[in-house]
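Peer 1: The structure that follows is given in the form of structure tokens.
The values are calculated or read from the model by the stated rules, or taken from the named source; none is laboratory data. Just so it is clear, the structure is predicted and the values come from calculations on it, not from any experiment. Positions of Cβ are backbone-derived with ideal geometry, glycine not excepted, and every protein chain shown enters the neighbour counts.
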Amino acid sequence: MKRTVLDTLGRTVTYSYPPKRIISLCPGITDTLLALGLKDEIAGRTRFCIHPLPEVLDIPAVAGTKDMKLDQILQLQPDLVIAEKEENTKEMVDTLASHVPVYVAEVQTVGEAYGMMTALGDVTARGSEAAALVRQIETGFRAIEGISSGSVLYMIWKKPYMAAGNKTYIDSVLAHLGFTNASAPFDGRYPALEPIDIQNADSSLVLLASEPYPFKEKHIDEFQELLPTAQIVPVDGEMFWYGPRMLEAVPYFEKTFSRLSQELSQRRE
């Protein structure tokens, strides 16, 4: 049957319900759909959709998050394409929407991540599965709320230096953990920073994400030179993805940031 819903952006989407051929254009959404038991319904994904293994490898990669193979997508005859406002471009959504139904989600906070999973459950007739997943994640995230403190820079890129700023899911996770985001005063959701900006931020902690730029141990000295008194710590960037990765993130955050909080407190003493 046909069903009409409003997506997160307030767009009207009419599609065959429940959808039997879905294309996901966002890693966190693909991960969520698979967690809801929809492997047989997912007809295509992006090449960046790498979780969960090995199930995701059976799904054809027909796009990136900023580019796509329109002819391949249309050949798959999707009932529904699911996109995300930040991950995918407006041009991609508009082009696809002229051919097939496109539902757009938007995730900028931990709460919106719960909302996205709930909405996907509703859109795909997996409401009970989505509710169970959200309850499990919410329980874990409540246990780690406020486990740390202090000012932090979360670095995502080099040449130019870029950090996760305001109104991003990463910023929301940092706040949930008890941190103050030192890049928040800068313009943009992912501000480009000069070395002097990093120094003026005067953060007590710098997190070097493993993706999208592959920061490694070798980059610690580079940031230590800019902030001699700060703690520089490489972190697994995938733990800052929304969706089912949030389940893995709970023990990771607890282990990583409880220890860091203790070390930072000892430094201040």
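Peer 1: Of all the residues that make up segment 94-115, how many are in contact with a Phe, Trp or Tyr (Cβ under 7 Å, 6 or more places away or on another chain) and under 23 Å from V13 (Cα atoms)? It would help to see each step written out before you state the result.
Peer 2: Of all residues in segment 94-115, those in contact with a Phe, Trp or Tyr (Cβ under 7 Å, 6 or more places away or on another chain) come to 101, 107-110, 113.
Still in the running and under 23 Å from V13 (Cα atoms): 101, 107-108, 113.
Here the count works out to 4.
Yes/no matrix, rows are residues, columns are (1) modelled with pLDDT under 95; (2) surrounded by 14 or more Cβ atoms within 10 Å (Cβ to Cβ); (3) outside the structural domain of D31 (by TED's automatic domain parsing); (4) of a type outside the set (D, E):
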{"position": "G44", "(1), (2), (3), (4)": "no, yes, no, yes"}
{"position": "C49", "(1), (2), (3), (4)": "no, yes, no, yes"}
{"position": "P54", "(1), (2), (3), (4)": "yes, no, no, yes"}
{"position": "I59", "(1), (2), (3), (4)": "no, yes, no, yes"}
{"position": "V62", "(1), (2), (3), (4)": "no, yes, no, yes"}
{"position": "K66", "(1), (2), (3), (4)": "no, no, no, yes"}
{"position": "D71", "(1), (2), (3), (4)": "no, no, no, no"}
{"position": "Q75", "(1), (2), (3), (4)": "no, no, no, yes"}
{"position": "D79", "(1), (2), (3), (4)": "no, yes, no, no"}
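Peer 1: Among the residues of segment 146-156, is any over 18 Å from the mean Cα position of the chain (by Cα) and under 29 Å from F48 (Cα atoms)?
Peer 2: Our first condition is that a residue be over 18 Å from the mean Cα position of the chain (by Cα); within segment 146-156, this holds for 146-152.
So of that shortlist, the ones also under 29 Å from F48 (Cα atoms) come out as 152.
Taking every residue of segment 146-156 in turn, at least one turns out to be over 18 Å from the mean Cα position of the chain (by Cα) and under 29 Å from F48 (Cα atoms).
Peer 1: Being touching a residue at least 40 places away in the same chain (Cβ under 8 Å), of a type in the set (D, E), closer than 23 Å to K2 by Cβ and outside the structural domain of P212 (by TED's automatic domain parsing) is the requirement here; does E84 meet it? I'd like the intermediate steps shown before the answer.
Peer 2: On the way: touching a residue at least 40 places away in the same chain (Cβ under 8 Å): yes; of a type in the set (D, E): yes; closer than 23 Å to K2 by Cβ: no; outside the structural domain of P212 (by TED's automatic domain parsing): yes.
The answer is no for E84.
Peer 1: Turning to a different aspect of this structure: If you scan segment 7-43, which residues turn out to be basic (K, R), under 15 Å from A105 (Cβ atoms) and not in a loop (DSSP other than H, G, I, E, B)? Break it down stepwise before answering.
Peer 2: Taking segment 7-43 and keeping what is basic (K, R), we get 11, 20-21, 39.
Going one step further and asking which of them are under 15 Å from A105 (Cβ atoms), we end up with 11.
Within segment 7-43, no residue meets the criteria.
A quick yes/no check of all residues on (1) touching a Leu at 6+ places or on another chain (Cβ under 7 Å); (2) surrounded by fewer than 17 Cβ atoms within 10 Å (Cβ to Cβ); (3) within 15 Å of F257 (Cβ to Cβ); (4) without any contact (Cβ under 8 Å) to a residue 24 or more places away in the chain:
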residue	(1), (2), (3), (4)
F141	no, no, yes, no
I144	yes, no, yes, no
K167	no, yes, no, no
I170	no, no, yes, no
V173	no, no, yes, no
A182	yes, no, no, no
G188	no, yes, no, yes
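Peer 1: Which of the residues spanning segment 121-133 are surrounded by fewer than 21 Cβ atoms within 10 Å (Cβ to Cβ), assigned to a helix (DSSP H, G or I) and among the aliphatic types (A, V, I, L, M)?
Peer 2: Of everything in segment 121-133, those that are surrounded by fewer than 21 Cβ atoms within 10 Å (Cβ to Cβ), assigned to a helix (DSSP H, G or I) and among the aliphatic types (A, V, I, L, M) turn out to be A131, A132.
Peer 1: Check off (1) more than 26 Å from T256 (Cα to Cα); (2) in a helix (DSSP H, G or I); (3) over 18 Å from the mean Cα position of the chain (by Cα) for T118 and give me the number that stays unchecked.
Peer 2: That leaves (3) as the condition not met.
Peer 1: Can you name every residue in segment 202-220 that is in contact (Cβ under 8 Å) with a residue 60 or more places away in the chain and either within 18 Å of L177 (Cβ to Cβ) or surrounded by fewer than 22 Cβ atoms within 10 Å (Cβ to Cβ) (or both)? Steps first, please.
Peer 2: So the first thing to find is which residues in segment 202-220 are in contact (Cβ under 8 Å) with a residue 60 or more places away in the chain, and the list is 204, 215, 219.
Matches in segment 202-220: S204, H219.
Peer 1: Looking only at segment 88-106, how many residues end up being crowded, with 22+ Cβ neighbours inside 10 Å and farther than 19 Å from I42 by Cβ?
Peer 2: Residues flagged as crowded, with 22+ Cβ neighbours inside 10 Å and farther than 19 Å from I42 by Cβ within segment 88-106 amount to 0.
Peer 1: Among Q72, Q77, Q108, Q136, which is at negative phi and outside any helix (DSSP H, G or I)?
Peer 2: On the way: Q72 fails: outside any helix (DSSP H, G or I); Q77 fails: at negative phi; Q136 fails: outside any helix (DSSP H, G or I).
One residue alone meets the criteria, Q108.
Peer 1: Find the residue count for segment 60-88, including only residues that are among the hydrophobic types (A, V, I, L, M, F, W, C) and closer than 20 Å to W241 by Cα. If you could, list the steps in order and put the result at the bottom.
Peer 2: Of all residues in segment 60-88, those among the hydrophobic types (A, V, I, L, M, F, W, C) come to 61-63, 68, 70, 73-74, 76, 80-83.
With closer than 20 Å to W241 by Cα added as a condition, the list becomes 61, 63, 82-83.
Residues that pass the stated criteria total 4.
Peer 1: Given (1) outside the structural domain of T32 (by TED's automatic domain parsing); (2) in contact with a strand residue (DSSP E or B) (Cβ under 7 Å, 6 or more places away or on another chain); (3) of a type in the set (V, I, T); (4) assigned to a helix (DSSP H, G or I), identify the lone condition not met by V93.
Peer 2: Condition not satisfied by V93: (1).
Peer 1: Moving on to the next point. Would you confirm, using the coordinates I've provided, whether S148 is surrounded by fewer than 18 Cβ atoms within 10 Å (Cβ to Cβ) and either of a type in the set (F, W, Y) or out of contact with any strand residue (DSSP E or B) (no Cβ under 6 Å at 6 or more places or on another chain) (or both)?
Peer 2: no
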